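We did not get these values from a lab; they are worked out from the coordinates using the rules stated. Worth saying up front: this structure is predicted, and the values here are computed from it rather than measured. Because the Cβ atoms are built from the backbone with ideal geometry, glycine has one as well, and the counts that use them run over all protein chains shown.
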Amino acid sequence: MTAELLWLLRAGVPARGVRLTVRELLVARIVHGPLGAGDVSNVVEATVRAACRLVRELDAPDVLVEAVCRAALEAVRGHGGESTRWLPDATSAAYVVLDELARERAEEPIWRQLARRVEHW
């Protein structure tokens, strides 16, 4: 996922395009599974973590993390069926990653706000 996000950033794809791409990639992953709640949470966590890594290491724009996080949760919610039941676990996984970033970047209140908002998406 990191490589895909990096490519999107380098290509100058706007946040909406990033969101659509990430959502489609995760839906494809869910469909090709058989995945359980833990698998879906791990995929969401890895995806959000990849976006956070790019923000930390490459100073990518902050909107990348929000777009990726929203897309990941939309993929779980929008896929329907079994995966919808796993939305609370996926949301919790995303929150944990965002909370880590908020602690690392305590001087930037945007990350704490983003971590709090994830529960309402």
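Other residues lying with their Cβ under 12 Å from the Cβ of L20 contribute a combined charge of +2, Lys and Arg counting +1, Asp and Glu -1. Considering the zone a paramagnetic label at V13 would reach in this model (a point 7 Å from Cα along the Cα-to-Cβ line), which residues of region 25-44 have amide N under 14 Å from it? Backbone N within reach: 25-28.
Set the Förster radius R0 to 25 Å, insert the Cβ-Cβ distance between A3 and R112 as r into 1/(1 + (r/R0)^6), and round the FRET efficiency to 0.05. Spell out each step's value before the answer.
Details: r = 29 Å, r/R0 = 1.15.
It comes to 0.30.
Work out the charge dipole of the chain with +1 on the Cβ of Lys and Arg and -1 on the Cβ of Asp and Glu about the Cα centre, then indicate which of L54, V31, Y95 is farthest towards its positive end. The one lying farthest along the dipole's positive direction is V31. What the Cα convex hull of region 71-121 gives, in volume per residue, is 57 Å³. Most fluctuating residue of E108, E66, E74 in a GNM of the chain with Cα springs under 10 Å: which is it? It is E108. Mean residue ellipticity at 222 nm, helices only, the chain: -26000 deg cm²/dmol; runs of at least 4 DSSP H residues each add -39,500 (n - 2.57), and the sum is divided by the number of residues.
In loop segments of region 1-67 as defined by DSSP, there are no trypsin sites (Lys or Arg not before Pro) with at most 11 further C-beta atoms inside 10 Å of their C-beta. P(r) for the chain, from all Cα pairs and a bin width of 10 Å, is 15, 49, 31, 5, 0 %, short bins first. The mean sequence separation of alpha-carbon pairs under 8 Å and at least six residues apart, normalised by the residue count of region 1-98, gives a relative contact order of 38 percent.
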